[in-house]
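The values are calculated or read from the model by the stated rules, or taken from the named source; none is laboratory data. From a predicted model like this one, the values you see are computed outputs, not experimental measurements. When we count neighbours, we look across all protein chains shown, and the Cβ atoms used for this are built from the backbone with ideal geometry, even at glycine.
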Amino acid sequence: MQMTYELTQKDFTEAYTAHRNRSGLRKWARRLFFWIAGLFTAIIVFGFLVKPSVQAAKALLPFLGLLAVWIAILWILPRWAMRRQFLQQPGAHGPRTLTLDAAGAHWRWNGGAGDIEWKNYIRSVEGKNQILFYTSPACFNILPKRAVAEEQLRELRDLLKQNIRPGK
């Protein structure tokens, strides 16, 4: 099975999201945290709107500052880091080819190549728009689903189930 594609900045950002949400526990814990933080914020803002005062506004400033830092760390910083990583990684640009066979995965890109046997993969993660191939807990290769035909996608999933032990 062979697929040819080019990575985009969006692929990097979405791959990071798939990596971050690779386990159900992490995904739901993050969502629960956001709901609780949102509810807490709504209660504080509602309390200020019901009884506005200069003193309450001054007391609200540290909370709003903390909220801005959380937003920056959880949303802005990861997107900026993925954009920067994509732009500064020469091997990420240009055409790429992935060939999968009984021996493993054979990656070819502008300026390099890599042949990795199946035994070296510790997990694969399927995100919304890509499939990640992990060779370590934090190192993965990205295959955008747009490079895979629908009938190939079923075959690819079966191949990954047969050759890569279930991820943790």
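So for region 112-125 (the condition being more than 16 Å from A15 (Cβ to Cβ) and modelled with pLDDT under 90), does at least one residue qualify?
Within region 112-125, one or more residues are more than 16 Å from A15 (Cβ to Cβ) and modelled with pLDDT under 90.
Residues R79, R83: which one is modelled with pLDDT under 80 and charged (D, E, K, R)?
One residue alone meets the criteria, R79.
Give L143, L159 a once-over and let me know the one that is surrounded by 12 or more Cβ atoms within 10 Å (Cβ to Cβ) and over 15 Å from the mean Cα position of the chain (by Cα).
Of the residues listed, the single one that is surrounded by 12 or more Cβ atoms within 10 Å (Cβ to Cβ) and over 15 Å from the mean Cα position of the chain (by Cα) is L159.
Return the pairs, sorted by first residue and then second, in which the second residue is among the β-branched types (V, I, T) and modelled with pLDDT of 70 or more, the first residue lies in region 14-32 and is assigned to a helix (DSSP H, G or I) and surrounded by 14 or more Cβ atoms within 10 Å (Cβ to Cβ), the beta carbons are less than 8 Å apart, and the residues are 6+ apart or on different chains.
Matching pairs, first to second residue: A15/I142; A18/V125; H19/V125.
Please specify each residue of region 54-93 satisfying the condition of being closer than 18 Å to Y16 by Cα and polar (S, T, N, Q).
Listed by number, the residues that qualify are Q85, Q88, Q89.
Go through region 46-78 residue by residue and tally those that are among the small types (G, A, S) and either in contact (Cβ under 8 Å) with a residue 40 or more places away in the chain or on the phi > 0 side of the Ramachandran plot (or both).
Summing the residues that are among the small types (G, A, S) and either in contact (Cβ under 8 Å) with a residue 40 or more places away in the chain or on the phi > 0 side of the Ramachandran plot (or both) in region 46-78 gives 0.
What do you reckon, is W107 in contact with a Leu (Cβ under 6 Å, 6 or more places away or on another chain), surrounded by 12 or more Cβ atoms within 10 Å (Cβ to Cβ) and aromatic (F, W, Y)?
Here the answer is yes, as W107 does meet what is asked.
Collect the residues in region 76-126 that are of a type in the set (F, W, Y) and closer than 27 Å to N163 by Cβ, keeping them in residue-number order.
Of everything in region 76-126, those that are of a type in the set (F, W, Y) and closer than 27 Å to N163 by Cβ turn out to be W107, W109, W118, Y121.
Residues checked against (1) in a strand (DSSP E or B); (2) charged (D, E, K, R); (3) assigned by TED's automatic domain parsing to the domain that holds F33:
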position	(1), (2), (3)
L66	no, no, yes
I73	no, no, yes
R79	no, yes, yes
T97	yes, no, no
R108	yes, yes, no
V125	yes, no, no
E151	no, yes, no
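Contact list please: Cβ distance under 6 Å, first residue in region 81-103 and on the phi > 0 side of the Ramachandran plot, second residue at pLDDT below 90, pairs at least six apart or on different chains.
Final answer for the pair search is G94/N110.
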